[in-house]
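Right, one structure below, let's go through it.
The values are calculated or read from the model by the stated rules, or taken from the named source; none is laboratory data. Predicted model only: the values in this text are computed from it and were never measured. Glycine gets a Cβ as well: all are built from the backbone with ideal geometry, and neighbour counts include every protein chain shown.
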Amino acid sequence: MTQAPALHTARLGSDRAAPRVSVDRLLHPRSVAVFGASDSVDKFGGRIMHFLVRHGFAGTIYPINPRRSAVVGHVAYPSIGDLPAPPDVAILAVPADTLVQSVTEAAAAGVGCCVIISTGFAEAGAEGMARQAALVEVSRATGMRLIGPNCMGLVVPHHRLALCSSVVLDTDRLRDGPLGLVSQSGALMVSVFDRAATDGIGFRHCVSVGNQVDVEICDVLEYLVDDAGTEAICVYVEGLLDGPRFRRAAAMARKAGKPLLVVKTGRTQAGAVSARSHTASLAGSFEVFAAVCREEGAVIAHDPDDMVRAAHFLVRHRRPRRGGVAILSTSGGGAGIACDRVSELGLSQAVLSAETRAALGELLLPPQADNPVDLGGRRAPENVEISGEIARLLFDDSNVAYGLAILTSMPFFAKRSRLIAESAQAIDKPVMIVFTPGAAADAPREALREIGQFFFDRTEDALRVLALMAEHDAHSAAARPLAARPAGLPEAAPEGSGVLSAEEATRWLQAYGIPVARDATAATPEAAAEAAARLGFPVVLKAISRDIVHKSDLGAVQLGLASPTEVVEAACEMAARLARSTPLARLDGFVVQETVRGEAEVIVGARRDPQFGPVVLVGLGGIAVEILKDIALAPAPVTLERARLMLDALAGAPLFRGARGRPPLDVEAIADVVSRLSWLAVDLGPRLVDFEVNPLIVRPQGEGAIAVDSRATLTETFHKEPHP
């Protein structure tokens, strides 16, 4: 089940009636009505009834079935209006063409919320969208809440509530736990629930929101943040209905100390790339979503199982962590592979203290008494107990934040594995234990299940979870100062709309204190030559045209012109070339600019994201920016410190620090431009489409940075600006 592509056309608006039922009551109902209730587990309504009874829901169950007097031992009623009292929640798995009438009857009967499993709404074309709009109208008029449609319901193990028809609930018990899960996909929700239960991981709440016509992801997310029994939150999202609200909820989760992990589909930019600017194509919707998550401490996972497993470890090991990864293995090859992968993931290998190395040296042969540890190098191989002591010494080192134990087949396999796991549990650090064999490791696996120790069957799975935990820890440790407005900025951005000329864009940059190269505009080649003489040679010549986006691609930029004659010739050739290659482009004259030399070219850009508002980016610039795609992105505005961190995150960051004998660059000057442009983006508000400085020429440390080209697109269309 997936979210409909155009939910905003059929969703409750701000004028809806006040809801009568809180999210807490939706998740902990005192009474439940089941439309289409049946004794047959081959039917949706039959499975729902069966699961409610089997898992011991303690509230009142009202089966709705006009042809039966009783269903699964409970008195049945012909219609929702015949119930002795209105239920808190009704669940409907009836055909789409009768669904609206059923919901209308439920609202008239005073039902607090309808959970709609039925499909065939906004995800199913125009007819379905009309049905969905009718649902919304019923809810708006009555205040009755809706979950779905096109969802799988909800599972609340601690309330013994299985309000869902999935066959994965055909189990002896609902595994309770401290994790919360909210998902747009119902099928994914129940699959994650089942996989987690197999892993020994339990949930406090699992909620599928489907098409989100009323109850949406943020409603549930905010509730989970406030819920005392929820210690970590997992979210599967396809599309947000309220970006700023999600950002606020993520910030609330961080403040509450609850890890928030997210899987987001729509990561690629297929069909969403704008040709107007580098900034627009680089700062796509997923990139902005990821930047907001980073800013608010949420961690993005690629895989739902990784998300849940990382949440499990983060809940079990809450102490703040600083340090690297310690690797223990019963195989030199396994240790070597792990070392490579730890490094490739950007994680550091822990440097053990002298005391730890000395203690390990009493138990291991000299080459093995360091990180990584190969248990095959024990001084007393016959001593089984020594495995646990080695694990304790290694993982308890103060420089170790995370442990990774890769266990291959060995004598006394189950006992040694248990000793290692018990040592890991005793020191309360996240240790990823991996069994590489197949059936040969069944006994060790069972030994770890007995003591409640999670394990992996693939090293790569363990490393992905470890990397998510390290990312969460880095977010938690990072300071988040409020962005103070730099001194000297104007009170508000200048007026204007449309595609700005180079002269207009330059004037705006200057107003915000961003250094720009000296230049002059000229209407003719001869006037350009005169302007060049005043600026001083050599100069750069550029064509002026609102119809040309990337000038260098069309030969509309000429560097290093050293005399008036060269300027005239270059201008004439440029005009002729553009007339041939781009006959519809209007040439409005020329810009003559001083030649600015530096050590690197950087792009600094800003754009307005429709969900999250203004964002700013920085990266290695010039003509190769979209090839390299080495950028960092953040919601605007940003502080100087945040801008520095963005620069540090670039793959090209060593270039700024001085590489291969080149001088260190003026990082402070770049950071200042990033911060100032971010404030310009904020001040432009809903007028901003995109604003780009490319390239920003960066000089050696202390010598500044100068913008030599810029462009901007604004709109006259005013709409509500998202606010975090």
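Have a look at GLU573, GLU569, GLU626 and point out the one that is more than 25 Å from GLY239 (Cα to Cα), within 24 Å of the chain's Cα centre (by Cα) and in a helix (DSSP H, G or I). First the steps, then the outcome.
Values: GLU573 fails: within 24 Å of the chain's Cα centre (by Cα); GLU569 fails: within 24 Å of the chain's Cα centre (by Cα).
Within the list GLU573, GLU569, GLU626, the selection yields GLU626.
How many residues are assigned to a helix (DSSP H, G or I) and within 12 Å of HIS312 (Cβ to Cβ) when one looks only at segment 447-472?
Residues that pass the stated criteria total 3.
Quick one: in segment 576-600, of everything that is within 14 Å of SER545 (Cα to Cα) and in a loop (DSSP other than H, G, I, E, B), which residue is modelled with the highest pLDDT?
It comes out as GLY589.
Just one of ALA532, ALA556 is within 21 Å of ALA707 (Cα to Cα) and under 48 Å from the mean Cα position of the chain (by Cα); which is it?
Working: ALA532 fails: under 48 Å from the mean Cα position of the chain (by Cα).
ALA556 is the lone residue from the list that is within 21 Å of ALA707 (Cα to Cα) and under 48 Å from the mean Cα position of the chain (by Cα).
Condition first: of a type in the set (Lys, Arg) and either modelled with pLDDT under 95 or touching a Gly at 6+ places or on another chain (Cβ under 6 Å) (or both). Can you find one or more residues in segment 391-409 that meet it? Before the answer, list the steps.
Initially, segment 391-409 is screened for residues of a type in the set (Lys, Arg), giving 392.
Then drop every residue that is not either modelled with pLDDT under 95 or touching a Gly at 6+ places or on another chain (Cβ under 6 Å) (or both), which leaves none.
For segment 391-409, residues of a type in the set (Lys, Arg) and either modelled with pLDDT under 95 or touching a Gly at 6+ places or on another chain (Cβ under 6 Å) (or both): absent.
Mind telling me which of the residues GLY336, GLY332, GLY361 ends up being touching a residue at least 40 places away in the same chain (Cβ under 8 Å) and surrounded by fewer than 22 Cβ atoms within 10 Å (Cβ to Cβ)?
GLY332
Suppose we filter segment 62-88 for residues that are more than 9 Å from ALA37 (Cβ to Cβ) and among the polar types (S, T, N, Q); how many remain?
Residues meeting the conditions: 2.
In the set LEU407, LEU375, which member is in contact with a Ser or Thr (Cβ under 7 Å, 6 or more places away or on another chain), more than 29 Å from ALA311 (Cα to Cα) and assigned by TED's automatic domain parsing to the domain that holds ALA354? Outline the logic, then answer.
Values: LEU407 fails: more than 29 Å from ALA311 (Cα to Cα).
Only one candidate passes the filter, namely LEU375.
Just the residues that are touching a Leu at 6+ places or on another chain (Cβ under 6 Å) and either surrounded by 13 or more Cβ atoms within 10 Å (Cβ to Cβ) or among the hydrophobic types (A, V, I, L, M, F, W, C) (or both), please, taken from segment 497-513.
At the first step, the residues of segment 497-513 found to be touching a Leu at 6+ places or on another chain (Cβ under 6 Å) are 497, 512.
TYR512 - this is the single residue of segment 497-513 that is touching a Leu at 6+ places or on another chain (Cβ under 6 Å) and either surrounded by 13 or more Cβ atoms within 10 Å (Cβ to Cβ) or among the hydrophobic types (A, V, I, L, M, F, W, C) (or both).
Going by the conditions given, is THR565 among the polar types (S, T, N, Q), outside the structural domain of LEU696 (by TED's automatic domain parsing) and farther than 30 Å from GLU495 by Cα? Can you show your working first?
Values: among the polar types (S, T, N, Q): yes; outside the structural domain of LEU696 (by TED's automatic domain parsing): yes; farther than 30 Å from GLU495 by Cα: yes.
Answer is yes for this residue.
Are any residues in segment 391-419 surrounded by fewer than 22 Cβ atoms within 10 Å (Cβ to Cβ) and among the polar types (S, T, N, Q), and if so, which ones?
Result: SER398, ASN399, THR408, SER409.
If I go through segment 514-528 residue by residue, how many of them are buried (at least 17 other Cβ atoms within 10 Å of the Cβ) and out of contact with any strand residue (DSSP E or B) (no Cβ under 7 Å at 6 or more places or on another chain)?
Within segment 514-528, residues that are buried (at least 17 other Cβ atoms within 10 Å of the Cβ) and out of contact with any strand residue (DSSP E or B) (no Cβ under 7 Å at 6 or more places or on another chain) number 2.
Checking the conditions here, which among ARG458, ARG378, ARG445 is within 30 Å of ALA290 (Cβ to Cβ) and either without any contact (Cβ under 8 Å) to a residue 40 or more places away in the chain or of a type in the set (D, E, K, R) (or both)?
ARG458
Would you pick out the residues in segment 157-194 that are farther than 10 Å from HIS55 by Cβ, in contact with a helix residue (DSSP H, G or I) (Cβ under 6 Å, 6 or more places away or on another chain) and either of a type outside the set (Asp, Glu) or surrounded by 24 or more Cβ atoms within 10 Å (Cβ to Cβ) (or both)?
Of everything in segment 157-194, those that are farther than 10 Å from HIS55 by Cβ, in contact with a helix residue (DSSP H, G or I) (Cβ under 6 Å, 6 or more places away or on another chain) and either of a type outside the set (Asp, Glu) or surrounded by 24 or more Cβ atoms within 10 Å (Cβ to Cβ) (or both) turn out to be SER165, SER166, VAL168, ARG175, PRO178, LEU179, GLY180, VAL182, SER183, VAL190, VAL192.
I need every pair where a residue in segment 203-231 that is among the polar types (S, T, N, Q) has its Cβ under 7 Å from the Cβ of a residue that is surrounded by fewer than 24 Cβ atoms within 10 Å (Cβ to Cβ) and in a helix (DSSP H, G or I), sequence separation at least 6 or different chains.
ASN211/LEU7; ASN211/GLU123; GLN212/LEU7
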